[in-house]
1. Please specify each residue of segment 37-69 satisfying the condition of being surrounded by 13 or more Cβ atoms within 10 Å (Cβ to Cβ), at pLDDT 85 or above and in contact with a strand residue (DSSP E or B) (Cβ under 7 Å, 6 or more places away or on another chain).
2. If only one of Thr92, Thr86 is in a loop (DSSP other than H, G, I, E, B), surrounded by 11 or more Cβ atoms within 10 Å (Cβ to Cβ), of a type outside the set (Lys, Arg) and at pLDDT 90 or above, which one is it?
3. What single numbered condition from (1) free of Cβ contacts under 8 Å to residues at least 24 places away in the same chain; (2) under 22 Å from Leu17 (Cα atoms); (3) not β-branched (Val, Ile, Thr) fails to hold for Leu113?
4. May I ask you to list pairs of residues, at least six apart or on different chains, whose Cβ atoms are under 6 Å apart, with the first in segment 77-98 being free of Cβ contacts under 8 Å to residues at least 40 places away in the same chain and the second being in a loop (DSSP other than H, G, I, E, B)?
Amino acid sequence: MRGDISDERFNQLHKQLNDAKDGATLKYLGGIKSLYMSPETLAEWNKVVDENPNAILRTVSDKVLYRQMKDSFIANPDALKSLLSTGDAQFTHNYPNGNPVEPDDPTRFGRILAKVRDDIREE
């Protein structure tokens, strides 16, 4: 058991997250309160795969987030047009009160979103 769900259900949800092709599916799956990550799974999710401290995609979760974001923009032409219209603007990811969503790395989301924009622009 992982929290209040079986290993089988956890593995099913993990696969669904990994295979998700759109933001709505990710939002739904991310809202499942019983999706518990064991310390071992969390460690794997946060495993550093690029030792370069300046790398944008340093961890497993960075790479998954990048892929999901890129696939979502490619699947949604209106959102892609909006993203590309931002030029070289820097992105933030804050709560309405101004506090960063990820206090340990407040620029993570913005850096990954900018990489998605730049990579799509180059393709």
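The values are calculated or read from the model by the stated rules, or taken from the named source; none is laboratory data. All figures in this text were calculated on a predicted structure; none of them were measured in a lab. In this analysis, Cβ positions are derived from the backbone assuming ideal geometry, glycine residues included, and neighbour counts consider all displayed protein chains.
1. Scanning segment 37-69 gives Arg58, Thr59.
2. Answer to the check: Thr86.
3. Leu113 satisfies every listed condition except (1).
4. Taking only residues 6 or more apart or on different chains, the pairs are His93/Val101.
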